[in-house]
Amino acid sequence: MKLSDIKFDCRHFRGDIPCRPHKTHGVHCNSKDGSGCQYYDATTQKVLIIKLGAVGDVIRTTPILFPLRAKYPNAKIFWLTQTPSVVPKDVDSVIKYNPEGVSYLKSLSYDYVVNLDKDKEACALINSLNAKVKKGYILKDGSPYPADKDAEAKYLTGIFDDINKSNEKHYLEEIFEVSGFNYNGEKYILSSFSRYAGEWTLDRSKKIIGLNTGCGGRWTSRLWPDESWSELAKCLILAGCEVVFLGGEQEDEKNRRFASETGGKYPGYFTLEKFINLVDQCDLVVTGVTMAMHITLGLNKKIVLFNNIFNPREFELFGLGEIIQPDKECKCFYSPVCVNTEYQCMNFIKADRVLKTITAILHG
């Protein structure tokens, strides 16, 4: 085997360690009979997706892979992120956002780069890259700025509330437009992490309903009252459902209390991958606009989505469920904390209404 025999342009080539086909099948770039490796997959282009954001934001960006693969079929695709575990496994190179990862990406040249984050560090990075096509957001005079006209509409919805409120496009339509594509119903891509599937003690003879009771410590304006979660859980159990309380460490204390009060199950809080598999056990999930919402949609599960502070047209549920909004107007558009001194709108979503919606979706 000579250095000149190595296929450096192969999708599987690593350079620092053996490639997967060699480890699995023992093949070499140039086989002994001179026929070459049957797994050789030449790449002639490089594509980079910059989506650092929270877990849910990364999950809801995964549909962009469909048009990118169609337009650049021979490209090696890179993805820079803070949450690599939810990036689809067939992305060629998932780069963790840290100084080492950024330094590596700066050493390459790209045919296409899209930055879908307006974080200043992400915008500064795309400015520094050598790419034939740059889409999304760049940095101009120290502030995020549209890379081209395709990003202008989405940019404006982020800086003016009235424009956001009047927006008719959902998020996927917007990011496809920003990236230079048309949205055609592409869905999220998310692993169920099935290796955890045997760890749950649930009554699968019943419909399993997940109740995701939190929304992160920052966005308290989206919280549904504790007594409403308890009432809903009791009603679901009376209706013959298996109820599972979902949440992270912040929700641990109240989920334990809910389980004790209602007879629902609370397995605990887990690593991200194990939590995703727990959601995969559910037939339907009731949740606010949180990471769990995107996980539910990514797993193609039924959903009841609580929304009060966002434009409801922002959400694409893929026909999997319904959005429930308070009967009284929310006056806290995009506000993390409720600023309405007259009432809290989430108190005006009643448990019986949620129960009826769940029943209709399950039997629809």
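Is there a pair in LYS76/LYS134; LYS96/LYS118; LYS187/LYS350; LYS76/LYS149; LYS51/LYS89 whose C-alpha atoms are over 22 Å apart, and which pairs would that be?
Values: LYS76/LYS134 16 Å; LYS96/LYS118 18 Å; LYS187/LYS350 31 Å; LYS76/LYS149 26 Å; LYS51/LYS89 16 Å.
Over 22 Å Cα-Cα: LYS187/LYS350; LYS76/LYS149.
Got a sec? Which residues in the range 115-154 would a label at ARG313 touch, if it sits 7 Å along Cα→Cβ and we count backbone N under 20 Å?
What the label zone holds, given the 20 Å backbone N cut-off, is 150-154.
Treat each spin label as a single point 7 Å out from the Cα along the C-beta direction, and report the LEU108 to GLU273 distance in nm.
Going from the LEU108 label point to the GLU273 one covers 2.2 nm.
Would you work out the charge dipole size for the chain about its Cα centre, treating the Cβ of every Lys and Arg as +1 and the Cβ of every Asp and Glu as -1, and quote it to the nearest 20 debye?
Details: 47 positive and 45 negative charges, 185 e Å.
Charge dipole of the chain: 880 debye, to the nearest 20.
Could you name the aspartates and glutamates in cross-link range of LYS331, using Cα to Cα under 17 Å and dropping any fewer than eight places away on the same chain?
The qualifying aspartates and glutamates are ASP161, ASP162, GLU342.
I'd like the orientation of helix 226-238 relative to the chain: the angle between its Cα long axis and the longest Cα principal axis, in ° from 0 to 90, rounded to 10.
The helix 226-238 is inclined about 90 degrees to the chain.
Just ARG222, ARG204, ARG14 to compare: in a GNM of the chain, with alpha carbon springs under 10 Å, which one fluctuates most?
For the chain, modelled as a Gaussian network with Cα springs under 10 Å, the answer is ARG14.
Within the set of other residues whose C-beta is less than 14 Å from the C-beta of TYR104, count the net charge using Lys and Arg as +1 and Asp and Glu as -1.
Details: positive: ARG14, LYS46, LYS76, LYS96, LYS106; negative: ASP16, ASP92, GLU100.
Spelling it out: positives minus negatives among the neighbours equals +2.
If you average over every viewing direction, what projected area does the convex hull of the Cα atoms of the range 1-115 give, in nm²? Spell out each step's value before the answer.
Values: hull surface 32.1 nm².
With every direction weighted equally, the projected area is 8.0 nm².
Find which of TYR269, PRO67, LEU284 sits farthest along the positive direction of the dipole of the chain, computed with +1 on the beta-carbon of Lys and Arg, -1 on that of Asp and Glu, about the Cα centre.
Checking the options against the dipole of the chain, the answer is PRO67.
I need the peptides 246-253, 95-102 ranked by packing, meaning the mean over residues of other C-beta atoms within 10 angstrom, with the highest value on top.
246-253, 95-102
Given points 7 Å out from each Cα along the Cα-Cβ axis, report the TYR343 to PHE160 separation in nanometres with one decimal.
3.2 nm
Would you please classify the overall shape of the chain from the alpha carbon gyration tensor, given that a ≥ b ≥ c denote the square roots of the eigenvalues, rounded means a/c under 1.5, and beyond that prolate means a/b larger than b/c while oblate covers the rest? Please list the in-between numbers first.
Numbers: a/c = 2.50, a/b = 1.52, b/c = 1.65.
Oblate.
Check the cysteines of the chain one by one and keep only those with no other cysteine Cβ under 4.7 Å from their own.
For the chain, the answer is CYS10, CYS19, CYS29, CYS37, CYS123, CYS215, CYS235, CYS241, CYS282, CYS332, CYS338, because their Cβ atoms have no other cysteine Cβ under 4.7 Å.
Using Cα pairs closer than 8 Å and at least 6 residues apart in sequence, work out the relative contact order for the chain, in percent.
About 13 percent, as a whole number.
Measure off 7 Å from each Cα along the Cα-to-Cβ vector at ASN300 and ARG256, then give the distance between these two points in nanometres to one decimal.
Modelled inter-label distance: 3.8 nm.
How much of the DSSP bridge set in the chain is antiparallel, in percent, rounded to the nearest 5?
Bridges in the chain that DSSP calls antiparallel: roughly 10 percent.
Determine, for each peptide in 344-356, 169-181, 150-162, the mean count of other beta carbons within 10 angstrom over its residues, then list the peptides with the highest first.
For the peptides 344-356, 169-181, 150-162, the packing ranking is 169-181, 344-356, 150-162.
Of the peptides 264-273, 226-235, 16-25, how do they stack up when ordered by the mean number of other Cβ atoms within 10 Å, highest first?
Numbers: 264-273: 16.5, 226-235: 19.1, 16-25: 12.5.
Per-residue mean Cβ counts within 10 Å order the peptides as 226-235, 264-273, 16-25.
Read-outs throughout are calculated quantities, based only on the coordinates presented, and are distinct from any laboratory measurement. Bear in mind that the values here come from a model prediction, so they are computed numbers and not experimental data. So basically every Cβ, Gly included, is an ideal-geometry build from the backbone, and we count neighbours across all protein chains shown.
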